[in-house]
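Colleague: Could you have a look at this structure, given as structure tokens, before my questions?
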Amino acid sequence: MITLKEVANTKELKKFVTFPFSLYKGSKYWVPPIIKDELDSFNKDINPVFKDADARFFLAYKNHSIVGRVAAIINRLEIEQQQIKKMRFGWFDFIDDPNVSKLLLEKVAEIGRENQLEFMEGPVGFSNLDKVGVLVEGFDHIGSMVTWYNHPYYEKHYANFGFVKEKEYMENKFPVSNADPALFTKLNDIVKKRYGLKEMNFKSTKEVMPYVDEMFDLFNETYAKLSSFVPITEIQKAYFKKKYISFINPEYIKFILDKNDKVISFAIVMPSYSKALQKANGTLLPFGIFHLLSAKRNSKDAIFYLIGIHPEYQNKGVTAIIFNEYYKVFTEKGIKMCYRTPELEENIAIKQMWKHFSPEVYKRRRTYRKSL
């Protein structure tokens, strides 16, 4: 018999967070989160997203063992300001048993109907800076710290429950050797001169901090027209600034300023922490922190985490300035491969941005939708 239980305390929330550690035990491709970070992200007293969102967490049990989990999420900004009556769900994992996935999804649907919402979509997080999408291609590639990994059988469970594809995301990669300096160094000089632009590089996190709020404002402006977008609030800016910026090598953060010193473009790259997180296996102590610090200094893979260009400057060659600066850093550090985090298939601007580097699509993921 399969039963459903709502998470009611910290002990049960930890079970929710750690369930995938057993589901993916022995996987070469699953990348575990840091357990404390995951718990903090679900803590209403820590994560400011709960000022504008509600979440309930559920575990499915079979013979007293956990066999599935799901987070049911209501983002009030999305519903009240954007009039998108969507029931979100994420952190959706389960054994290959349709009775388990059905029980979890029926609970999400029930909550959606209770709140007069029109459809459910997932897997998604609270906002655009959370993980998104179920993997449908690329199962034999290692995951990353900013994506979910899942077994191939997940996709059929969505179909069995009557879901249809809502959004498609692509993940691309290209070797640094694809970035021919002759392509962008000349264009770099032309674009800077034509539009009065200049690059800004950093040597310390302290130097970055004064520009972070402006960066998030530009992020909101850059992605506002995409169908999945929910703006980052002021309180969330402060949270993300504290949580992420100090974790990133300052030399991997690039800003482009106009002649009035206004930020018109930014890019954030991270070294790949995937293998280090596998070694850490969910904890920083006693040795996990050393694996992460080693990856921060020595990883030869770079992950393009966020990139934004003001709409007025898109398709004007600003990418050449950005990559000209990254090429210098990547050459110095011996970076071999560049990976891009999930990008919406409909985002034509981002495709144009990377076309000269001959990127290869190596993973695809989707969100699924069902009317309520």
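Colleague: Pull up region 310-319, narrow it to residues that are touching a residue at least 60 places away in the same chain (Cβ under 8 Å) and part of a helix (DSSP H, G or I), then point me to the one that is least open to solvent (accessible area, probe 1.4 Å).
Modeller: By that ranking, first place goes to V318.
Quick grid of which residues meet (1) in the same structural domain as G122 (by the TED database); (2) free of Cβ contacts under 8 Å to residues at least 40 places away in the same chain; (3) of a type outside the set (V, I, T):
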| residue | (1), (2), (3) |
| --- | --- |
| S204 | no, no, yes |
| E214 | no, no, yes |
| E221 | no, no, yes |
| V230 | no, no, no |
| Q236 | no, no, yes |
| I256 | no, no, no |
| N260 | no, yes, yes |
| V269 | no, no, no |
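Colleague: Among the listed residues S177, S204, which satisfies the condition of being exposed (fewer than 13 other Cβ atoms within 10 Å of the Cβ), farther than 23 Å from P342 by Cβ and in contact with a helix residue (DSSP H, G or I) (Cβ under 6 Å, 6 or more places away or on another chain)?
Modeller: The match here is S204.
Colleague: Enumerate the pairs (first residue in region 356-372 and within 16 Å of F163 (Cβ to Cβ) and in contact (Cβ under 8 Å) with a residue 60 or more places away in the chain; second residue anywhere and open to solvent by 30 Å² or more (accessible area, probe 1.4 Å) and part of a helix (DSSP H, G or I)) with beta-carbon separation below 6 Å, excluding pairs fewer than 6 apart on the same chain, so at least 6 apart or on different chains.
Modeller: Sorted first by the residue in region 356-372, then by its partner, the pairs are L372/R113.
Colleague: Right, another one. Which ones in region 89-106 are under 25 Å from the mean Cα position of the chain (by Cα) and not in a strand (DSSP E or B)?
Modeller: Once the filter is applied, which keeps residues that are under 25 Å from the mean Cα position of the chain (by Cα) and not in a strand (DSSP E or B), region 89-106 yields I95, S101, L104, L105.
Colleague: Which residues, counting only those in region 155-173, are within 25 Å of S272 (Cβ to Cβ) and surrounded by fewer than 19 Cβ atoms within 10 Å (Cβ to Cβ)?
Modeller: E168
Colleague: Here is a list: S294, S299. Which entry is touching a Pro at 6+ places or on another chain (Cβ under 7 Å), closer than 21 Å to S144 by Cα and either open to solvent by 60 Å² or more (accessible area, probe 1.4 Å) or assigned by the TED database to the domain that holds F184 (or both)?
Modeller: It is S299.
Colleague: Now for a separate question. Kindly provide the set of residues from region 78-118 that are open to solvent by 50 Å² or more (accessible area, probe 1.4 Å) and in contact with a Ser or Thr (Cβ under 6 Å, 6 or more places away or on another chain), ordered by number.
Modeller: Passing the criteria: none in range.
Colleague: Same structure, new question: Every residue in region 123-161 that is free of Cβ contacts under 8 Å to residues at least 12 places away in the same chain and charged (D, E, K, R), please.
Modeller: Selection gives K156 alone.
Colleague: Under 6 Å by Cβ, and 6 or more places apart or on different chains, what pairs join a residue from region 8-19 that is in a helix (DSSP H, G or I) with one that is open to solvent by 20 Å² or more (accessible area, probe 1.4 Å)?
Modeller: Listed by first residue and then by second, the contacts come to L13/V7; F16/V7; V17/I35; V17/E38; V17/L39; F19/I66.
Colleague: L293 - would you say it is in contact (Cβ under 8 Å) with a residue 24 or more places away in the chain and either of a type in the set (D, E, K, R) or out of contact with any Phe, Trp or Tyr (no Cβ under 7 Å at 6 or more places or on another chain) (or both)?
Modeller: no
Colleague: Now for a different question. Checking F216 against (1) closer than 21 Å to M145 by Cα; (2) surrounded by fewer than 16 Cβ atoms within 10 Å (Cβ to Cβ); (3) of a type in the set (A, V, I, L, M, F, W, C), which single condition isn't satisfied?
Modeller: (2)
Colleague: Could you tell me whether region 25-42 includes any residue that is assigned to a strand (DSSP E or B) and open to solvent by less than 20 Å² (accessible area, probe 1.4 Å)?
Modeller: So far as region 25-42 goes, no, none of its residues is assigned to a strand (DSSP E or B) and open to solvent by less than 20 Å² (accessible area, probe 1.4 Å).
Colleague: Scan region 65-74 and tell me whether some residue there is more than 16 Å from L23 (Cβ to Cβ) and surrounded by fewer than 18 Cβ atoms within 10 Å (Cβ to Cβ).
Modeller: no
To keep it simple, each residue is scored yes or no on (1) crowded, with 17+ Cβ neighbours inside 10 Å; (2) in a helix (DSSP H, G or I).
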{"site": "N260", "(1), (2)": "no, no"}
{"site": "S265", "(1), (2)": "yes, no"}
{"site": "F290", "(1), (2)": "no, yes"}
{"site": "Y305", "(1), (2)": "yes, no"}
{"site": "G308", "(1), (2)": "yes, no"}
{"site": "R366", "(1), (2)": "yes, no"}
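Colleague: Of all residues in region 325-336, how many are crowded, with 16+ Cβ neighbours inside 10 Å and touching a strand residue (DSSP E or B) at 6+ places or on another chain (Cβ under 8 Å)?
Modeller: 4
The values are calculated or read from the model by the stated rules, or taken from the named source; none is laboratory data. These figures come from a predicted structure and were not determined experimentally. All Cβ positions, even for glycine, are placed from backbone atoms using ideal geometry, and neighbour counts span all protein chains on display. Note: accessible area is taken over every heavy atom of the protein model, side chains too, but ligands, DNA and RNA are not part of it. Shrake-Rupley method; radii C 1.70, N 1.55, O 1.52, S 1.80 Å.
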